[in-house]
Amino acid sequence: MVKIIAVANNKGGVGKTTLSISLAAEAGIQKKRVLVVDTDPQQNAYMVLVGDTKPKNSVTLSDLVLQFFSKEKQKISSKLAITPANPSFVGVEVLVGDPNLQGIDLIAAHKINKFSLIKEILKPLRDSYDLIIIDTPPATDTLTLASLCACDGYIVPIDMSEMAQSGYLEIDSIVDQLKEGGNCKNIKFIGCVYSMFENRKAHATKLSMDLAKKNLFDRVMDLKISRSTHMNEALICHSHLQDERNHKISIEYQKLYKHTMGVIV
Ligand SMILES: Nc1ncnc2c1ncn2[C@@H]1O[C@H](COP(=O)(O)OP(=O)(O)OP(=O)(O)O)[C@@H](O)[C@H]1O
Ligand SMILES: [Mg+2]
């Protein structure tokens, strides 16, 4: 049965997209059928995975969202918004987002069913994939909340800053509210993960880790993803590091993937 993971933190630039892409790449290598859902109007996941800036699909995620809120009976298939990733991402496909997703909050404002939005859009796709990874925007907006409601488990990437840690606390309280409101039930917290860990600046690292211990208790995984220039280079080339199985950061992602799948089974 398909498993769905959301990657969320309302703090920008903490590594959500990179983590989503890297987990997808690893899942593909493990022969899983993977879909990455790009709910961010910036379309960063799409750009890296497909290697393009403008989707060629006639339908994109915002069309599916508008359809969800409309009363029209004729349904557009969610499959039309899917495109294969470039060949370096074996087994990975993308549900294409677009800049119009920025306006969704206004449309969704008074809609009571808005939290089931992503769940419904993914429903017809569930049988076609083993793993669906939802990359969310740097905001606690309708799309992020609906993504959390659609998932089996969520990961919160953090950098070394206090802002990223407070982003986790906000997501945590939102998930509690969604659960209380009956919008999501068995969603599992996979963990906060340092997505660009650096030991180089020893004092800053110690301060960040002390703060994380104080703010986040045991929520931060021991497992860390290191900051690596190789990672930046791979993304620029619309690729990943998972082919270099013995590279430090590749090993870290392999461990994160294993841990994640272990939590959401
Ligand atoms: N492990 C890493 N090593 C080096 N650079 C990294 C690593 N992870 C992410 N980055 C870089 O950090 C920057 C931000 O990463 P990313 O775009 O994944 O964050 P994000 O949380 O998705 O951002 P946004 O909130 O804008 O969507 C990017 O330039 C990315 O290449
Ligand atoms: Mg992103």
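No value in this document is a laboratory result; all are computed from the given coordinates. For clarity, every value in this text was computed on a predicted model and none was experimentally measured. Virtual Cβ from ideal backbone geometry, glycine too; neighbours counted across all protein chains shown.
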Checklist entry - So what J values fall out for the range 75-84 if you push phi through Karplus, 6.51 cos²θ - 1.76 cosθ + 1.60 with θ = phi - 60°, rounded to Hz, Gly and Pro as x? => result 9, 7, 6, 4, 4, 5, 8, 9, 9, x
Next on the checklist: To check you understand DSSP bridge types, tell me what percent of the beta bridges within the chain (both residues inside) are antiparallel, rounded to 5.
Outcome noted: 10
Next on the checklist: Please report the net charge: other residues with Cβ closer than 13 Å to the Cβ of Ile121, K and R +1, D and E -1.
Outcome noted: +3
Item to check | ³J(HN,Hα), Karplus 6.51/-1.76/1.60, whole Hz, each residue of the range 64-73, x for Gly, Pro | outcome: 5, 5, 4, 4, 4, 8, 8, 9, 4, 7
Checklist entry - So what is the relative contact order of the chain, in percent, for Cα pairs below 8 Å that sit 6 or more residues apart? => result 28
Item to check | Dipole axis of the range 3-264 (+1 Lys, Arg; -1 Asp, Glu on Cβ), positive-most option in Gln102, Val48, Asn86 | outcome: Asn86
Item to check | Among 157-168, 51-62, 71-82, 183-194, the order from most to least packed when residues are scored by Cβ within 10 Å on average | outcome: 157-168, 183-194, 51-62, 71-82
Checklist outcome for this item: By the C-alpha gyration tensor axes a ≥ b ≥ c (rounded if a/c is under 1.5, else prolate when a/b exceeds b/c, else oblate), the shape of the chain is oblate
Next on the checklist: If amide hydrogens are placed 1.01 Å from N in the peptide plane, which non-local residues have theirs closer than 5 Å to the one on Ile4?
Outcome noted: Ile132, Asp152, Gly153
Next on the checklist: Once you place label points 7 Å from the Cα toward the Cβ at Gln74 and Leu223, how far apart are they in nm?
Outcome noted: 4.7
Item to check | Shape call, the range 18-72: gyration tensor on alpha carbons, a/c limit 1.5 | outcome: prolate
Next on the checklist: Output wanted: per-residue J couplings in Hz (rounded whole) for the range 200-214, from phi through Karplus 6.51 cos²θ - 1.76 cosθ + 1.60, θ = phi - 60°, x for Gly and Pro.
Outcome noted: 4, 8, 4, 5, 4, 4, 5, 4, 5, 6, 4, 5, 4, 4, 6
